[in-house]
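Input: a single structure, listed below in structure tokens.
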Amino acid sequence: MSVDPARTKHDEAYKLLFSSAAMVEDLLSHILPEFAKRVDMPTLRLLSPSFVKAEGLQQRHADMLWRAQLREHDRHPAYLALEFQSTTVSNMALRVREYVGLMLREAELAGDLGPGGRLPIVVPIVIYNGTAPWKAARNLVDWMVPGADEVIAHALGLQMRREYILVDLKAIPSSELVADSWFSALVEWESARWARDARRLERLWRRARDSGDESIVRGFGALRQQIAPWLRIPTAGRGGPESGKRKKTMIRHEETWLADNLRKRDEELRQEGRQEGRQEGRQEGRRSLLRQLALQEFGPEGVAELSALLDDASDPDRDGALARAIIECETLAEVVARTREL
């Protein structure tokens, strides 16, 4: 299987960002605010996430592992196990159970235990930034027997109902974000998609650059490098000599982003279609992306006016031409006129 260089760089950026104790503290405060109050944050320290499974010596690990102590309960240890994902992993619940079990065994061997020799608290967290909604079950019961009734669920629960916390960066409402939080800054960065967001990303980058936190600076710097041509868009006034060049740069960026995501989404749904036998899935993926593009360019009214065109996503070439029309045209009337030629 080939490795996507852009995806690898993105993963490296996340590992840099979450090497910052400040980012991890912000994350925990977002997902488990009451538990976060019980954690003595100055005790946060980064551990090696790798563990060795004795049978066969196969390596199992989370992407990143942090340790802290509680403020009470005799300073009971707590682990935060982070996984970074850009695509859905169907058996994530099983994977989490496996590496958490190994993690607890390692803690026992190392003597990193709570009062009375009790094992640490482990909080598994999957941080997801993919374009399609996460579809995998979040616990073993739902993964092993989807839709299990109460009796079956109880029996399966005896097997140890282990669940992870899903942090879907693209699905977090802005109303839930905490001002001046590094985690909120990451969510805001990942929500930016269009050329009009360049100024906002520059503001976030300046804030990260001036933070004095090396992991934050390097992490956001790595994210910024991936879209550097976009962030270098000239800032000449509207209608100035650079205006036409700037618009073309924006259009090129948006066309590239849309084409990449249409292709990725189409491939994801094609794989699902092979498993589920549904051709309609691929078309719905293109419809969703076209609606998102129309919403960004013309707002809800534009989506409503173009609904007939957007819902007729039947051919990839036709859909690509429609996407370019939405990006390049100044008015809805121009979009409609151009689509008559498709």
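Taking the criterion of being over 22 Å from residue 128 (Cα atoms) and exposed (fewer than 13 other Cβ atoms within 10 Å of the Cβ), the residues of segment 200-226 that qualify are 203, 206, 210, 212, 214.
Taking residue 126 as the residue in question, decide whether it is open to solvent by less than 10 Å² (accessible area, probe 1.4 Å), at pLDDT 90 or above and not basic (Lys, Arg). The answer is yes for residue 126.
Taken together, 141, 145 contain a single residue that is over 24 Å from residue 68 (Cα atoms), surrounded by fewer than 16 Cβ atoms within 10 Å (Cβ to Cβ) and touching a helix residue (DSSP H, G or I) at 6+ places or on another chain (Cβ under 6 Å), which is 145.
Picking from residues in segment 175-187 that are in a helix (DSSP H, G or I) and at pLDDT below 90, the one that is surrounded by the fewest Cβ atoms within 10 Å (Cβ to Cβ) is 175.
The values are calculated or read from the model by the stated rules, or taken from the named source; none is laboratory data. Please read all numbers here as calculations on a predicted model, not as lab measurements. All Cβ positions, even for glycine, are placed from backbone atoms using ideal geometry, and neighbour counts span all protein chains on display. Remember, those area values only see protein heavy atoms, side chains included, never the ligands or the DNA or RNA. Shrake-Rupley method; radii C 1.70, N 1.55, O 1.52, S 1.80 Å.
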